[in-house]
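Before any comments, here is the structure.
The values are calculated or read from the model by the stated rules, or taken from the named source; none is laboratory data. Owing to the predicted nature of the structure, the values given are computational and were not obtained by experimental measurement. Cβ coordinates were reconstructed from backbone atoms using ideal geometry, including for glycine residues, and neighbour counts include every protein chain displayed. Note: accessible area is taken over every heavy atom of the protein model, side chains too, but ligands, DNA and RNA are not part of it. Shrake-Rupley method; radii C 1.70, N 1.55, O 1.52, S 1.80 Å.
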Amino acid sequence: MSKPAIVTPDPWLRLQGLTRARVALGRAGVSLPTREVLRFGTAHAQARDAVHQALDVASLQADLQDAGFASLAVHSQAADRSMYLRRPDRGRSLTPESLALLARQGPRLWAARPRLAVVLADGLSSLAVARHGLPLLQALQPYFPELPTLPVVIASEARVALGDEIGQALGAEQVVVMIGERPGLSSPDSLGLYLTARPRPGLTDAQRNCISNVRPEGLNYPEAARKLAFLIAGALKLGRTGVDLKDDSDAALPDAARPAAGLAP
């Protein structure tokens, strides 16, 4: 008599080819197979590490410079990661030193009152911005050839709203914050994009547009850049973002946000 299988396969196993979510894991008796328990523990550890890993600002600045982007590095009022996680409010405001740096160096690097400023922020996953920030900028550049001449600011211990203060300090018409999202158990490096028109402290998330899950395994760079270019162009016409600006990029005509559209008035 043959022995029964230790692991009972799941009849929905074919679904694993359609998603990275944990489906059709099988079972061993009344529990999960050992390999799936170990995989879950590894994914959980990777998510924790992503939250606590510091952004290598110097390396990111060097990569940006090699690609033709001038950048400045700033810091929120959250002095370290522990404070950042315990005091979200501190991550929404710049230190006085960072504000002074933007006021002093910004006019030397970039034109006054740019139509767009980009903030690369660590958020809850420095892995996300380190891996995907520059490739996404490069995917966006065909839509806006002047992108290398616009402000790029690297923000540490940053929340989304920190972009409002940065945008105001630079006099930017719009700011897009590219920030590491809260890690999931299958995506420790997911990047979120938050576009805000007329940035200034005190705005709410209702006044922003968000594009989420930007990474090769999620929303890839070309698609994310296309959607972001559509929203930027729409915000330039409308003068605002958030609930008043709809992402109709999938239903738009092919040339609605085409390469070389530019940011000219």
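Points worth noting:
- Residue ID - nearest to Glu97 (Cα to Cα), chosen from residues in the range 43-84 that are among the charged types (D, E, K, R) and outside any helix (DSSP H, G or I): Asp80
- Tabulated pairs, the range 39-51, first in contact (Cβ under 8 Å) with a residue 60 or more places away in the chain, second assigned to a helix (DSSP H, G or I) and hydrophobic (A, V, I, L, M, F, W, C), C-beta under 7 angstrom, 6+ apart or interchain: Ala50/Leu127
- Residue within the range 139-151 that is touching a Phe, Trp or Tyr at 6+ places or on another chain (Cβ under 7 Å), part of a loop (DSSP other than H, G, I, E, B) and open to solvent by less than 40 Å² (accessible area, probe 1.4 Å) present: yes
- Lone unmet requirement of (1) open to solvent by 70 Å² or more (accessible area, probe 1.4 Å); (2) closer than 23 Å to Ala172 by Cβ; (3) at pLDDT 95 or above; (4) in a helix (DSSP H, G or I) for Ile232: (1)
- Residues of the range 210-227 that are under 17 Å from Gly123 (Cβ atoms) and either touching a helix residue (DSSP H, G or I) at 6+ places or on another chain (Cβ under 6 Å) or not polar (S, T, N, Q) (or both): Cys210, Ile211, Val214, Arg215, Gly218, Leu219, Ala224.
Each row is one residue, and each column tells you yes or no for (1) open to solvent by 60 Å² or more (accessible area, probe 1.4 Å); (2) farther than 20 Å from Leu228 by Cβ; (3) modelled with pLDDT under 95.
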position: Leu85; (1), (2), (3): yes, yes, yes
position: Ser93; (1), (2), (3): no, yes, no
position: Leu101; (1), (2), (3): no, yes, no
position: Trp110; (1), (2), (3): no, no, no
position: Leu116; (1), (2), (3): no, no, no
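- Pairs where the first residue, in the range 212-225, is buried (at least 18 other Cβ atoms within 10 Å of the Cβ) and the second is of a type in the set (Asp, Glu) and not in a helix (DSSP H, G or I), C-beta under 8 Å, 6+ apart: Arg215/Asp189
Residues are listed down the side, and each one gets a yes or a no for (1) within 14 Å of the chain's Cα centre (by Cα); (2) at pLDDT below 95; (3) over 14 Å from Thr241 (Cα atoms):
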| site | (1), (2), (3) |
| --- | --- |
| Gly133 | yes, no, yes |
| Gln141 | no, no, yes |
| Leu147 | no, no, yes |
| Leu162 | yes, no, yes |
| Leu195 | yes, no, no |
| Gln207 | no, no, no |
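- Only residues that are among the hydrophobic types (A, V, I, L, M, F, W, C), within 17 Å of Leu101 (Cα to Cα) and open to solvent by 20 Å² or more (accessible area, probe 1.4 Å) were counted in the range 152-186, giving 2.
- Selection of the range 176-195 for residues being part of a loop (DSSP other than H, G, I, E, B) and hydrophobic (A, V, I, L, M, F, W, C) yields only Leu185.
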